[in-house]
Amino acid sequence: MLYRRTLTREMALTTGAMLTVLIAIALVVLFIRLLGDVARGELPNEAVFTFLGFSLLFFLPVLMTIALFAGVLLPLSRMWRDSEMVIWFNTGLSLTQWIRPVLTFAVPFALVILLLTATLNPWAQTKKYEFRQDLRSRSESSMIAPGLFIESHGGQRVYYVESINPLTGIVRNVFMQSRIDGQLGLVVAREGNYSELPDGSRYLVFKEGRRYEGIPGRLDYRIVHFERYWMRLDPIAVRGKETGIRQAPLFELIDDTSKPARAELLWRLGVPFMAVVLAVMAIPLSFVNTRARRSYGLLVALLLYFVYNNLLSFSQAWVAQGKLNAWVGMLSSHLIMLFAVYALFYLRTRLHVPPWRRK
């Protein structure tokens with residue numbers, strides 16, 4: 001049918017445009033947040049784009065849900081404003097007949113969201129954790145940033161460099177505090193660099209500086225002038241692989257009867273279903289008063305989205321805390337919103353006849 005092809009084309013274009021805009025906004029926000037982590041010395045420079053990809057993949061199901069909701073709502077609202085809906089209704093179409101083309105477009109989109117929540121996101125969370133552990137296992141030389149005090153080995157070493165040459169790797173005006181066998185030592189040097197020997201051992205080499213050992217005022221306090229001072233860098237020992245609920249594959253969550261596993265399963269399966277329900281809900285919400293040329297349906301749609309999302313989040317939290325049965329939590333929020341969809345369709349399709357004119 002002509003109306004199905006027209007609506008599907010407009011929904012695809014609008015959803016694609018909305019998803020592009022949402023991804024661009026998310027990338028900017030996440031990038032600024034990661035740059036703050038880099039400035040505080042919590043994240044190496046080379047890891048920014050990797051963590052950016054992992055973070056975007058985590059938020060992508062929610063962004064796709066919003067884009068689908070807007071991709072259905074906006075084209076139908078435009079058709080109401082341009083009186084196209086009135087023309088289609090005069091040809092014999094009813095409001096409920098628009099459900100089929102919307103579902104035809106929304107269900108494949110929701111299946112992609114299900115693939116993300118059920119398979120790709122757990123894999124990405126696992127890889128993100130492994131990458132973070134790999135960063136922690138590297139030597140502290142990779143974490144040194146100019147103008148910042150950097151701790152390593154649980155605070156046993158503290159580094160500060162005034163500047164660093166990114167081409168040669170030479171740092172200027174180096175300060176290092178270390179505690180070896182309970183003895184506090186300070187090293188101040190004019191410059192230093194990172195060196196790796198043929199056997200694979202790694203060192204920080206300080207040049208033209210002094211080392212202060214002991215407590216000032218005591219007889220064993222020493223000041224040593226040196227031309228070169230070599231300090232070996234050992235990789236930081238990290239714990240074994242961690243497998244949390246977010247990293248668990250879907251089949252493990254299904255077999256796991258614990259409360260956190262049921263809560264995570266509720267979220268993974270609930271987001272794709274929420275996308276389909278919101279897409280159908282957009283049909284009655286798209287109504288625009290052609291005389292007033294404005295609609296409060298957009299505000300109502302925004303409110304209903306936040307209500308739906310919060311209901312799903314609350315259900316997940318209550319199931320995880322044991323305050324709500326797992327099956328009740330999985331069904332309650334969706335049943336409430338399905339009733340809201342039925343009520344909206346009823347309000348848009350029933351005849352408004354004043355009581356005094358009824359027979």
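The values are calculated or read from the model by the stated rules, or taken from the named source; none is laboratory data. Worth saying up front: this structure is predicted, and the values here are computed from it rather than measured. We place every Cβ from the backbone using ideal geometry, glycine too, and count neighbours over all the protein chains shown.
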- Answer with yes or no whether Leu57 is within 28 Å of Ile245 (Cβ to Cβ) and either assigned to a helix (DSSP H, G or I) or modelled with pLDDT under 90 (or both). yes
- Item | Residue selected from the range 324-352 under the condition farther than 23 Å from Asp256 by Cα and outside any helix (DSSP H, G or I), by the criterion nearest to the chain's Cα centre (by Cα) | Arg350
- Message: Checking Phe306 against (1) of a type outside the set (Val, Ile, Thr); (2) closer than 19 Å to Val72 by Cα; (3) at pLDDT below 85; (4) loosely packed, with under 11 Cβ neighbours inside 10 Å: exactly one of these is not met. Which one?
- Response: (3)
- Report whether or not Leu68 is farther than 30 Å from Arg9 by Cα and in the same structural domain as Lys128 (by TED's automatic domain parsing). no
- Task: Determine if the range 63-80 includes at least one residue that is out of contact with any helix residue (DSSP H, G or I) (no Cβ under 9 Å at 6 or more places or on another chain) and surrounded by fewer than 16 Cβ atoms within 10 Å (Cβ to Cβ).
- Result: no
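Might you check whether a residue that is touching a Gly at 6+ places or on another chain (Cβ under 8 Å), assigned to a helix (DSSP H, G or I) and of a type in the set (A, V, I, L, M) occurs anywhere in the range 1-12?
Residues of the range 1-12 touching a Gly at 6+ places or on another chain (Cβ under 8 Å): 11-12.
Then drop every residue that is not assigned to a helix (DSSP H, G or I), which leaves 11-12.
Of the ones still in play, those that are also of a type in the set (A, V, I, L, M) are 11-12.
Yes, there is a match, as at least one residue in the range 1-12 is touching a Gly at 6+ places or on another chain (Cβ under 8 Å), assigned to a helix (DSSP H, G or I) and of a type in the set (A, V, I, L, M).
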- Message: Among the listed residues Val102, Val107, identify the single one that is crowded, with 16+ Cβ neighbours inside 10 Å, touching a residue at least 40 places away in the same chain (Cβ under 8 Å) and part of a helix (DSSP H, G or I).
- Response: Val102
- Looking at (1) of a type outside the set (D, E, K, R); (2) surrounded by 13 or more Cβ atoms within 10 Å (Cβ to Cβ); (3) under 29 Å from the mean Cα position of the chain (by Cα); (4) at pLDDT 85 or above, find the lone condition where Gln321 falls short. (2)
- Query: Any chance the range 80-87 includes a residue that's over 28 Å from Pro108 (Cα atoms), in the same structural domain as Thr349 (by TED's automatic domain parsing) and not in a helix (DSSP H, G or I)?
  - Reply: yes
- Message: Which numbered condition in (1) at pLDDT 75 or above; (2) of a type outside the set (Gly, Ala, Ser); (3) in contact with a His (Cβ under 8 Å, 6 or more places away or on another chain) is the only one that Ile236 fails?
- Response: (1)
- Task: Can you work out which of the residues in the range 187-210 that are surrounded by fewer than 17 Cβ atoms within 10 Å (Cβ to Cβ) and aliphatic (A, V, I, L, M) is modelled with the highest pLDDT?
- Result: Val188
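Tell me the residue from Leu250, Leu299, Leu311 that is surrounded by 13 or more Cβ atoms within 10 Å (Cβ to Cβ) and at pLDDT below 85, please. Write out each step before concluding.
Working: Leu299 fails: surrounded by 13 or more Cβ atoms within 10 Å (Cβ to Cβ); Leu311 fails: at pLDDT below 85.
Matching residue, one of Leu250, Leu299, Leu311: Leu250.
Only one residue in Leu76, Leu43 is within 19 Å of the chain's Cα centre (by Cα) and either over 30 Å from Ile150 (Cβ atoms) or not charged (D, E, K, R) (or both), so which one is that?
Numbers: Leu76 fails: within 19 Å of the chain's Cα centre (by Cα).
After ruling out the rest, the residue left standing is Leu43.
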- in the same structural domain as Leu338 (by TED's automatic domain parsing), outside any strand (DSSP E or B) and modelled with pLDDT under 80: does that describe Arg132? yes
- Query: If you go through the range 276-289 one residue at a time, do you hit one that is under 30 Å from Val102 (Cα atoms), among the β-branched types (Val, Ile, Thr) and at pLDDT below 80?
  - Reply: yes
